[in-house]
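Enquirer: My questions will all concern the structure given below.
FYI, it's all coordinate maths here, none of it is from the lab. Because the structure is predicted, anything quoted here is derived from the model rather than measured. Glycine also receives a Cβ, built like all others from the backbone with ideal geometry; neighbour counts cover every protein chain displayed.
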Amino acid sequence: MSRNAPARTDSQRIAPGRDLRAETISSRENRWLKRFRLALCAGEATDDGFIGVEGFHIVEEALRSGLEVDAVLASTAGDQHLETLRPWLGSTRVLRTADRLFAGLADTQTPQGIAALVRPRVAKFEDLVRGDALVAVLCGIQDPGNVGMILRSAEAFGASGAVAAKGTANPHSPKALRASAGSALRLPLLMGLAAPVIMAQLRIAGLRLCAASSHEGVAPSRADLRGPVAFLIGNEGAGLPSEVERSADLRVRIPLGTAVESLNAAVAASVLFYEAARQRADQAGES
């Protein structure tokens, strides 16, 4: 248990015949519920570094991946999920509360009744740039749903890691975590660095900087994306800051029909990562 976590209360069984034990919380002012409310509703990390994840699949992912889990919370309706999660619970603290109290701290309109406090992995810069690195650099993307979907696509197409530069929505917010389908917990991730700083570090590490542009550049299929590359992906409306785009080694622009001005940032990023994966697969097949 973490040093600042609330003290353990008396335990009782979840249901007759089960050996899985849980602490029951009946007060809205309980310190554990306050921790979950901060992490889920406010989307903030606790003082000791735990974030909130909500929903069966992402809680299961956190447990299966071996992340440090401070506590799992189930509502009466969500109690059914605990039996499925049992193989990965081990000595994890399990809490139960009423559906009404759970709904007051959940970030979703129709909560599944299961949540956890999880400590994300701490990534190092070296984790992102090993081998033929493929890195997503998110510059000022403000929609947490887009942030999560970009991370999901990046992982799906073999990215080695991602950077959420300063001004980007928190990848560990509940909405971003759900949109990432767990990728934000698995993919090596750095946060909070200024875009020029991370660009300089990536260039020193030997990566070419490829800016996704809405107005100029070569088509992704005509760009060489086979070596170590970092994709710079900008804000949904404004795109990349002009100084960031100008300083990139390469600009790519996805060809669009005349009636369509631009793509959603997450869709555009998916196209770029798919093309990089395709080129790398072709290169592997030729060698």
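Enquirer: What is the distance in Å between the Cα centres of the stretch 69-139 and the stretch 181-196?
Expert: 17
Enquirer: Dipole size in debye (nearest 20) for the stretch 11-119 around its Cα centre, Lys and Arg Cβ +1, Asp and Glu Cβ -1?
Expert: That gives the stretch 11-119 a dipole magnitude of about 340 debye.
Enquirer: What order do you get for His57, His172, His81, His215 when you list them from fewest to most C-beta neighbours inside 10 Å?
Expert: Arranged by neighbour count, lowest to highest, His57, His172, His81, His215 become His215, His57, His81, His172.
Enquirer: In which sequence would Glu216, Glu61 go, from the one with the fewest C-beta neighbours within 10 Å to the one with the most?
Expert: Glu216, Glu61
Enquirer: Let me ask something else. How large is ³J(HN,Hα) for each residue in the stretch 118-130, as worked out from phi by the Karplus curve 6.51 cos²θ - 1.76 cosθ + 1.60 (θ = phi - 60°), to whole Hz, x for Gly and Pro?
Expert: Values, residue by residue: 10, 9, x, 5, 9, 8, 10, 4, 4, 5, 7, 10, 6 Hz.
Enquirer: Of the residues Ser221, Ser173, Ser213, which exhibits the maximal mean-square fluctuation in a Gaussian network model of the chain defined by a 10 Å Cα contact cut-off?
Expert: Highest fluctuation of the listed residues: Ser221.
Enquirer: Treat the stretch 208-287 as a sphere of radius equal to its Kirkwood radius over Cα pairs and apply Stokes-Einstein at 25 °C in a medium of 0.890 mPa s; give the translational diffusion coefficient in µm²/s, rounded to a whole number.
Expert: D = 189 µm²/s.
Enquirer: Compute a Gaussian network model of the chain, connecting alpha carbons closer than 10 Å, and tell me which residue from Ala154, Ala45, Ala103 fluctuates the most.
Expert: The residue that fluctuates most here is Ala103.
Enquirer: Run the numbers on the chain and let me know its relative contact order in percent, using alpha-carbon pairs under 8 Å that are six or more apart.
Expert: Across the chain, relative contact order equals 16 percent.
Enquirer: When all alpha-carbon pairs of the chain are counted, what percent fall beyond 30 Å?
Expert: Cα-Cα pairs of the chain separated by over 30 Å account for 37 percent.
Enquirer: So who's got an amide H within less than 5 Å of the one on Ile114, skipping anything under 5 residues away but keeping other chains? H placed 1.01 Å off N, in plane.
Expert: Counting only residues 5 or more places away or on other chains, the set is Gly55, Ser75.
Enquirer: If Rh is defined by the Kirkwood formula over all Cα pairs and Rg also comes from Cα, what ratio Rg/Rh do you get for the stretch 11-119?
Expert: 0.92
Enquirer: Under 1.5 on a/c is rounded, so check that first for the stretch 125-286, then, if it is not, pick prolate when a/b is larger than b/c and oblate when it is not; a ≥ b ≥ c are the square roots of the alpha carbon gyration tensor eigenvalues.
Expert: Taking the square roots of the gyration eigenvalues as a ≥ b ≥ c, the stretch 125-286 is rounded.
Enquirer: Karplus couplings for the stretch 142-153 from phi (6.51 cos²θ - 1.76 cosθ + 1.60, θ = phi - 60°), rounded to Hz, Gly and Pro as x?
Expert: Using θ = phi - 60°, the values come out as 9, 8, x, x, 5, 4, x, 5, 5, 5, 5, 5 Hz.
Enquirer: Moving to a separate point now. Fewest first, what order do Val267, Val53, Val59, Val163 take by the number of other Cβ atoms within 10 Å?
Expert: Val267, Val59, Val163, Val53
Enquirer: Who wins for biggest fluctuation among Gly43, Gly192, Gly145 in a Gaussian network model of the chain, springs between alpha carbons below 10 Å?
Expert: Gly192
Enquirer: Can you work out ³J(HN,Hα) from phi for every residue in the stretch 47-56, in order, using Karplus 6.51 cos²θ - 1.76 cosθ + 1.60 and θ = phi - 60°, giving whole Hz and x for Gly and Pro?
Expert: Per residue, the Karplus-derived 3J(HN,Hα) values read 4, 9, x, 9, 10, x, 10, 9, x, 4 Hz.
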